[in-house]
Amino acid sequence: MSAGAVAGSSGADRPIGVFDSGVGGLSVLNALRAELPHEHFVYFADTAHAPYGERGDAFVAQRTTAIARHLIDEHGIKALVVACNTATAAAIHELRAAHPALPVIGVEPALKPAVALSRTGHIAVIATRVTLESRKFEALHASLAARARFRIIPCDGLAGAIERADAVRVATLCEQYLGAAGRFGDQPGQIDTLVLGCTHYPFIADALRRCTGDAVRFIDTGVPVAQQTRRLLLSARKLRTQGAGSVLLLSSAEPGALDAAAARWLDGPAGSVIHTRAADTTAA
Ligand code: DGL
């Protein structure tokens, strides 16, 4: 266990691991910190290998395994939030099988809430190709296909553009993908609900909104994931209920990009301590 671990601490004082291919999981970390303000978090951005969304399942599963191992061995995490739809789709089953005692929380596109909330019954789902072509997503889609009309849109390149903070490319891709989806709005036959099936996308809500107009509801999974994390910690008697929380940000590449993204997008209690550093998972 490294200096980053809370050695000898009780179960509740150990950190929660959170990871994503890059900066997208910060949108989930925001919800986690709002729901669990006393917790310590170790956030791992796999920047050296981002984006995951157009890579093969085997690669994403191998990275997920290595990062989980690093967070367990080096940081003694008490729970793991896979803040990445792509990694959840590719590897959550193996992760749970490999670490049966560790609470593991994944994210998946929020189709069920979208069906419950849509009035027109027309729903668009944007996510990475790996997520949308996964068996897990196909099963979810099939279970709800009779209850709404879904437009499923793989957004190649979009997470990468967000990683590079390339606003021009983001705007171009949003117009291209949402332009091809159909008419957005709250009138009969129009798409009134947009599922953000990638944790990077809440950070480009403005660019998406310019394509959909104001009447469309956006749905992401940050809050329900944070609530589920609280439930699991509570039932494992590992919830930290007092004291200041903290965040340690780790990147598999030079951490400057993660630092800049956190300065821009990470909310949280004023004065809370955030450290950033590079992490090596090659030995994992
Ligand atoms: N943020 C991730 C997701 O939710 C991954 C995006 C990517 O790396 O392509 O799917």
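The values are calculated or read from the model by the stated rules, or taken from the named source; none is laboratory data. Being a predicted model, the structure only gives us computed values, none of them experimental. We place every Cβ from the backbone using ideal geometry, glycine too, and count neighbours over all the protein chains shown. Keep in mind that these areas ignore ligands, DNA and RNA; they rest on the heavy atoms of the full protein, side chains included. Shrake-Rupley method; radii C 1.70, N 1.55, O 1.52, S 1.80 Å.
General remarks:
- Residues whose amide H comes within less than 5 Å of that of Phe184, counting only those at least five positions distant or on another chain, are Ile191 (H built at 1.01 Å from N in the peptide plane).
- In the chain, the longest principal axis of the Cα atoms and the axis of helix 256-265 are about 60 degrees apart.
- For the chain, accessible area per residue (1.4 Å probe, heavy atoms of protein chains only), Å²: 43
- Among Ala181, Ala262, Ala146, the largest mean-square fluctuation in a Gaussian network model of the chain, built with springs joining Cα atoms closer than 10 Å, belongs to Ala146.
- Among 104-113, 166-175, the order from most to least packed when residues are scored by Cβ within 10 Å on average: 104-113, 166-175
- Residues whose amide H comes within less than 5 Å of that of His122, counting only those at least five positions distant or on another chain, are Arg149, Asp192 (H built at 1.01 Å from N in the peptide plane).
- Percent carbon-and-sulfur accessible area, the chain, ignoring ligands, DNA and RNA, probe 1.4 Å: 51
- Stokes-Einstein D in µm²/s, Kirkwood radius over Cα pairs - the range 134-257 at 37 °C with 0.692 mPa s viscosity: 188
- With respect to the chain, whose longest principal axis is taken over its alpha-carbon atoms, helix 26-35 is tilted by about 70°.
- Overall, the anisotropy analysis places the range 214-267 in the oblate class: the square-rooted eigenvalues a ≥ b ≥ c of its C-alpha gyration tensor yield a/c not less than 1.5, with a/b not exceeding b/c.
- Between Val168 and Phe218, the contour length at 0.36 nm per residue exceeds the Cα-Cα span by 15.8 nm.
- All-pairs Cα distance distribution in the chain, expressed in whole percent, bin size 10 Å: 7, 30, 36, 20, 7, 0
- Computed over the range 1-150, the P(r) curve from all C-alpha pair distances, binned at 5 Å from the origin, holds 2, 9, 18, 20, 18, 14, 10, 6, 3, 1, 0 percent per bin.
- Distance in nm between pseudo-label sites at His99 and Asp280 (7 Å out along the Cβ direction from Cα): 2.1
- Stretched out straight at 0.36 nm per residue, the stretch from Gln242 to Arg230 would grow longer than its current Cα-Cα span by 2.9 nm.
- Here the spin labels are modelled as points 7 Å beyond Cα on the Cα-Cβ line, and at Lys112 and Arg209 they lie 2.9 nm apart.
- CD proxy at 222 nm, helix term only [per DSSP H run n ≥ 4: -39500 (n - 2.57); per residue of the chain; nearest 500]: -12000 deg cm²/dmol
- Under the Debye formula (equal points on every Cα, no solvent term), log10 I(q)/I(0) of the range 96-137 at q = 0.32 Å⁻¹: -1.10
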